[in-house]
């Protein structure tokens with residue numbers, strides 16, 4: 001029996017998701033070409049059934065968006081998914097070369113370490129707005145982690161000599177090590193610190 005591998009290179013066997021809250025929301029069933037063609041679109045929680053590597057590639061395609069402003073516009077944000085998949089594959093290969101570990105396992109660890117548990121919302125009471133700490137839904141936790149990872153990679157590579165593939169690889173490695181060098185981990189700590197002071 002032939003084992004399916006991610007990009008026909010990396011196996012997902014033996015990868016465990018330590019965070020029990022995220023277990024149903026991180027799918028590690030491998031795909032040779034992680035490209036569903038949005039067949040799940042419109043279905044509730046469809047993202048959770050999509051391979052985590054594909055979700056990273058999708059976030060990479062609109063990494064320039066911040067709130068309602070298009071913060072970065074470049075050749076990487078063209079909407080061409082094959083381009084995004086090539087960047088992700090090269091980033092995973094670079095991460096494997098640097099750490100000698102399975103890069104898909106590193107990505108899963110990075111998502112777990114970068115997923116914020118709390119965030120701050122503003123509630124209006126008597127005409128005044130107050131910050132309030134709220135728990136983050138598990139699917140949103142994964143979304144925020146992936147978004148912050150891709151935006152962090154673009155911050156380090158946009159208008160600089162660093163390639164986006166290398167920046168994304170460094171982001172994945174730093175996230176897996178729970179290092180403050182990871183933009184996603186730093187953002188998570190900032191958000192949780194704000195939430196802690198808003199209780």
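The values are calculated or read from the model by the stated rules, or taken from the named source; none is laboratory data. Bear in mind that the values here come from a model prediction, so they are computed numbers and not experimental data. Here the Cβ positions follow ideal geometry from the backbone for every residue, glycine too, while neighbour counts run over all protein chains shown.
Selection of the range 160-177 for residues being part of a helix (DSSP H, G or I) and modelled with pLDDT of 90 or more yields 165, 166, 167, 168, 169, 170, 171, 172, 173, 174, 175, 176. Residue 111 meets all of the listed conditions (1) under 16 Å from the mean Cα position of the chain (by Cα); (2) surrounded by fewer than 19 Cβ atoms within 10 Å (Cβ to Cβ) but one, namely (2). Screening the range 44-143 for helices (runs of 4 or more DSSP H) wholly inside it with 1 or more residues that are modelled with pLDDT under 90 and within 18 Å of residue 175 (Cα to Cα) returns the ranges 52-61. Any residue in the range 133-143 that is buried (at least 17 other Cβ atoms within 10 Å of the Cβ) and free of Cβ contacts under 8 Å to residues at least 60 places away in the same chain? Yes, the conditions are met somewhere in the range 133-143. If you check 105, 169 for being in contact with a helix residue (DSSP H, G or I) (Cβ under 7 Å, 6 or more places away or on another chain) and crowded, with 16+ Cβ neighbours inside 10 Å, only one passes: 169. Consider the range 178-199 and keep the residues that are in contact (Cβ under 8 Å) with a residue 40 or more places away in the chain and part of a loop (DSSP other than H, G, I, E, B). The one that is surrounded by the fewest Cβ atoms within 10 Å (Cβ to Cβ) is 199. I'm trying to understand the selection: among the residues of the range 1-43, which are over 16 Å from residue 109 (Cα atoms) and either at pLDDT 90 or above or crowded, with 17+ Cβ neighbours inside 10 Å (or both)? 6, 7, 30, 31, 34 - these are the residues of the range 1-43 that are over 16 Å from residue 109 (Cα atoms) and either at pLDDT 90 or above or crowded, with 17+ Cβ neighbours inside 10 Å (or both). When each of 155, 151 is tested for being in contact with a helix residue (DSSP H, G or I) (Cβ under 9 Å, 6 or more places away or on another chain), on the phi < 0 side of the Ramachandran plot, free of Cβ contacts under 8 Å to residues at least 40 places away in the same chain and surrounded by 15 or more Cβ atoms within 10 Å (Cβ to Cβ), the lone residue that passes is 155. For the range 119-131, the candidate set comprises residues that are in contact with a helix residue (DSSP H, G or I) (Cβ under 9 Å, 6 or more places away or on another chain) and over 30 Å from residue 29 (Cβ atoms); within that set, the residue that is surrounded by the fewest Cβ atoms within 10 Å (Cβ to Cβ) is 131. Could you list, in sequence order, all residues of the range 15-30 that are in contact (Cβ under 8 Å) with a residue 12 or more places away in the chain and assigned to a loop (DSSP other than H, G, I, E, B)? Across the range 15-30, the qualifying residues are 15, 17, 18, 19, 21, 22, 26, 28, 29, 30.
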